[in-house]
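Have a look at the structure below, then the notes.
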Amino acid sequence: MAAQNSKPSTTQGAVSVSNDLTVRKLVFAGVFAALTYIVFMFLSIRIPTPGGGQVSVHLGNAFVVLGALLLGSLYGGIGGAIGLTLADLFDPVYVVEAPITFVIKFLIGVIVGIIAHKVCHITEEAGTAKVLRGVVTATVAGLAFNAVFDPLLRYFYKILILGKPAAEVSFAINLVVTLINSVVSAVIVVVLYMALREPLKRAGLFFRL
């Protein structure tokens, strides 16, 4: 009888572990949503643009990328996207751009997560050099996507509501600011991930993806 009951018990144990991991990832996704929101809303430098708009020098994208490195594409991408989208929704200047923000930031997480975990397997590697290479590759790819498509999508959107001349000036400013954000964010992400990796392992909070 003991042998017959072992399989259901094992299955229940596996389900319990899976549910626990899901809950932990959801909690961490919430933490990253809060971090991206706080960083954008309270720790950014706002630069006015023609037509009453503005662009921001901020580190919100860094936490989108860091979330994807630690949690994977889905949870990391959604956490960061929700945080920055909420920041847009509570800011009258950015509120109309909230849908664009959600799509772009979620895609950053997807790109970073796929490269980091499906291509470079950073959570399975033990060698520091290989992990660092994977983290840098994934981070640069995600932020390079953002540097190109964030200004581009917002440019076409602003043509519809501001007209071409104002949109072109806004695009130029947005492109420069986004490049600055991306370079600074890339450095911070790599430093933070490499610094947090071992402490999270010791605390039992490191996800193998």
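Annotation note: of I104, I78, the sole residue that is β-branched (V, I, T), over 21 Å from V191 (Cβ atoms), surrounded by 21 or more Cβ atoms within 10 Å (Cβ to Cβ) and touching a Gly at 6+ places or on another chain (Cβ under 8 Å) is I78.
For T178, state whether it is modelled with pLDDT of 95 or more and among the polar types (S, T, N, Q).
On the way: modelled with pLDDT of 95 or more: no; among the polar types (S, T, N, Q): yes.
Spelling it out, it is not the case that T178 is modelled with pLDDT of 95 or more and among the polar types (S, T, N, Q).
Of all residues in the stretch 16-46 being small (G, A, S) and free of Cβ contacts under 8 Å to residues at least 40 places away in the same chain, which is farthest from L89 (Cα to Cα)? Selected residue: S16. When residues in the stretch 84-119 are screened for being in a helix (DSSP H, G or I) and of a type in the set (D, E), 2 of them pass. Apart from one condition, A81 fits all of (1) under 12 Å from N181 (Cβ atoms); (2) small (G, A, S); (3) assigned to a helix (DSSP H, G or I); the exception is (1). Every test in (1) at pLDDT 95 or above; (2) of a type in the set (S, T, Y); (3) farther than 19 Å from G77 by Cβ is passed by Y193 save one, and that test is (3). Residue by residue through the stretch 31-59, note down the ones that are in contact with a helix residue (DSSP H, G or I) (Cβ under 7 Å, 6 or more places away or on another chain) and within 10 Å of G83 (Cβ to Cβ). Residues satisfying the conditions are F32, A33, A34, L35, T36, Y37, V39, F40, M41.
State which residue is farthest from G67 (Cα to Cα) when the search covers only the stretch 112-134 and only residues that are surrounded by 20 or more Cβ atoms within 10 Å (Cβ to Cβ) and among the small types (G, A, S). Spell out how you get there, then give the answer.
Step one: filter the stretch 112-134 for residues surrounded by 20 or more Cβ atoms within 10 Å (Cβ to Cβ), giving 112-113, 115-117, 122, 131, 134.
Those still in the list that are among the small types (G, A, S) too: 113, 116, 134.
Numbers: G113: 9, A116: 12, G134: 15 Å.
Filtering the stretch 112-134 for residues that are surrounded by 20 or more Cβ atoms within 10 Å (Cβ to Cβ) and among the small types (G, A, S), the one farthest from G67 (Cα to Cα) comes out as G134.
Does at least one position in the stretch 157-168 carry a residue that is within 22 Å of the chain's Cα centre (by Cα) and assigned to a helix (DSSP H, G or I)? No - not one qualifying residue is present in the stretch 157-168.
With the requirement that a residue be among the β-branched types (V, I, T) and modelled with pLDDT of 95 or more, what does the stretch 1-36 give you?
Quick first cut of the stretch 1-36, residues among the β-branched types (V, I, T) only: 10-11, 15, 17, 22-23, 27, 31, 36.
Result: V27, V31, T36.
The values are calculated or read from the model by the stated rules, or taken from the named source; none is laboratory data. Fair warning: this is a prediction, and the values are worked out from it, not measured in the lab. Reconstructed Cβ throughout: ideal geometry from the backbone, glycine too, with neighbour counts over all protein chains shown.
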